[in-house]
Amino acid sequence: MQRLAHPHDIRAITMQWHSEKHTIAFVPTMGALHEGHRSLIDEARARADKVIVSIFVNPLQFNEQRDLDSYPNTLDQDFEVCLSAGVDLVWTPSREDMYPDNHGTMVVAGIQGEQLEGAHRPGHFDGMLTIVLKLLNAVKPTWALFGEKDFQQLALVKQLVKDYYLDTDIVPMPIIRESDGLAMSSRNIKLSQQTRRRAIALYEALMTVQDAAQAGYADFSNVIQSMHQRLNALEGFTLEYAVLVDPESLVEQMVLERQLRFLIAGSFENEGQPVRLIDNGPVIRLSDKTIPLQYS
Ligand code: PAF
């Protein structure tokens with residue numbers, strides 16, 4: 001496994017791989033790798049001749065300095081994960097490598113990035129799209145893998161690829177969960193035992209909506225309203241949003257006519273510091289479900 005830092009070196013090696021007709025699968029990360037990242041890397045390994053993982057905590061996408069400063073750094077363990085997963089190249093640029101003094105432009109997320117996460121984290125998506133464009137342009141991967149946990153990020157990255165004619169297929173990957181349902185996140189290691197137990201509320205909210213869909217509910221206004229009341233009453237938790245949206249446009253919906261997506265975000269007070277968590281999942285109308293045939 002190779003480790004490189006400077007984008008020029010990445011350009012040189014990926015151009016060589018492209019000229020040798022290798023396929024490349026790329027997993028962009030900010031490190032603190034967990035089972036969720038591992039599932040992306042495994043899928044990348046299964047698809048491509050060459051697998052590249054980038055590890056870069058992108059300052060431009062942090063709207064709060066405190067969040068950036070406390071972002072977990074587990075670089076040695078991350079290398080172990082990459083090595084054991086058969087990664088060919090780990091790209092670990094420095095801030096100066098990615099944003100030298102003469103770096104001038106930024107991508108603007110636009111209207112799709114203003115709601116939900118964008119409303120609570122101003123500038124986050126502009127910074128995220130800027131780094132993703134730089135990473136994708138340097139690697140020019142055949143596939144780039146993104147987790148569905150950051151559902152709005154995934155939608156915006158797909159839009160970026162479309163808007164800028166990037167020659168990469170974006171592969172969405174399902175959320176990986178702990179045994180009690182908590183979505184895996186690099187931020188989970190910041191949670192105290194007590195907050196960790198409370199954090200399950202996000203998954204329970206998702207279950208409530210999915211159960212209501214199973215039970216045949218079509219209008220979700222009351223379900224969402226009583227969920228908001230319950231979550232707002234939760235000690236040490238600040239709810240940011242809990243909404244049902246169209247999975248393509250991310251426009252809020254209350255009536256389940258086709259498949260929708262439930263998205264939730266909030267902050268847990270954790271030993272004096274807030275830890276922000278997000279989760280989401282599909283909400284499928286009962287009649288749209290495929291019932292597998294049973295053979296006996
Ligand atoms: O999802 C992340 O880890 C980051 O937003 C990404 C895509 C690596 C860009 O910094």
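Taken over segment 145-164, the criterion of being within 10 Å of the ligand (Cβ to nearest atom) and either over 29 Å from Ala242 (Cβ atoms) or open to solvent by 20 Å² or more (accessible area, probe 1.4 Å) (or both) is satisfied by Gly147, Lys149, Asp150, Gln153.
Would you say Val27 is at pLDDT 95 or above, over 14 Å from the mean Cα position of the chain (by Cα) and within 12 Å of the ligand (Cβ to nearest atom)?
Working: at pLDDT 95 or above: yes; over 14 Å from the mean Cα position of the chain (by Cα): no; within 12 Å of the ligand (Cβ to nearest atom): yes.
Judged against the criteria, Val27 is not a match.
Within segment 45-60, residues that are over 13 Å from Ile24 (Cα atoms) reach partners that are open to solvent by 40 Å² or more (accessible area, probe 1.4 Å) and among the charged types (D, E, K, R) with beta carbons closer than 8 Å, at six or more positions or on different chains, in the pairs Pro59/Arg95; Leu60/Asp126.
Only a single item in (1) free of Cβ contacts under 8 Å to residues at least 40 places away in the same chain; (2) open to solvent by less than 20 Å² (accessible area, probe 1.4 Å) is not met by Arg177, and it is number (2). When you scan segment 94-112, do you find a residue that is of a type outside the set (Lys, Arg), open to solvent by 10 Å² or more (accessible area, probe 1.4 Å), touching a helix residue (DSSP H, G or I) at 6+ places or on another chain (Cβ under 7 Å) and more than 15 Å from the ligand (Cβ to nearest atom), even just one? Yes, the conditions are met somewhere in segment 94-112. Quick check on this structure: which one of Glu64, Glu96 is under 19 Å from the mean Cα position of the chain (by Cα) and of a type in the set (D, E, K, R)? Only one candidate passes the filter, namely Glu64. Would you check if Met1 is in contact with a Leu (Cβ under 7 Å, 6 or more places away or on another chain), surrounded by fewer than 18 Cβ atoms within 10 Å (Cβ to Cβ) and hydrophobic (A, V, I, L, M, F, W, C)? Yes: the conditions hold for Met1. Does any residue of segment 231-254 turn out to be at pLDDT 95 or above, of a type in the set (Gly, Ala, Ser) and out of contact with any strand residue (DSSP E or B) (no Cβ under 6 Å at 6 or more places or on another chain)? Yes: one or more hits.
If you go through segment 60-77 one residue at a time, do you hit one that is open to solvent by 40 Å² or more (accessible area, probe 1.4 Å) and over 30 Å from Gln273 (Cα atoms)? No: segment 60-77 contains no residue that is open to solvent by 40 Å² or more (accessible area, probe 1.4 Å) and over 30 Å from Gln273 (Cα atoms).
This table checks each residue for (1) surrounded by 16 or more Cβ atoms within 10 Å (Cβ to Cβ); (2) more than 10 Å from the ligand (Cβ to nearest atom); (3) part of a strand (DSSP E or B).
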{"residue": "Met15", "(1), (2), (3)": "no, yes, no"}
{"residue": "Lys21", "(1), (2), (3)": "no, yes, no"}
{"residue": "Ala32", "(1), (2), (3)": "yes, no, no"}
{"residue": "Ser39", "(1), (2), (3)": "yes, yes, no"}
{"residue": "Arg45", "(1), (2), (3)": "yes, yes, no"}
{"residue": "Ile52", "(1), (2), (3)": "yes, yes, yes"}
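Residues in segment 126-144 that are open to solvent by 40 Å² or more (accessible area, probe 1.4 Å) and assigned to a helix (DSSP H, G or I): Asp126, Lys134, Asn137.
The values are calculated or read from the model by the stated rules, or taken from the named source; none is laboratory data. Just so you know, these numbers come straight off a predicted model, no measurement behind them. Cβ: placed from backbone, ideal geometry, glycine included. Neighbour counts: every protein chain shown. Keep in mind that these areas ignore ligands, DNA and RNA; they rest on the heavy atoms of the full protein, side chains included. Shrake-Rupley method; radii C 1.70, N 1.55, O 1.52, S 1.80 Å.
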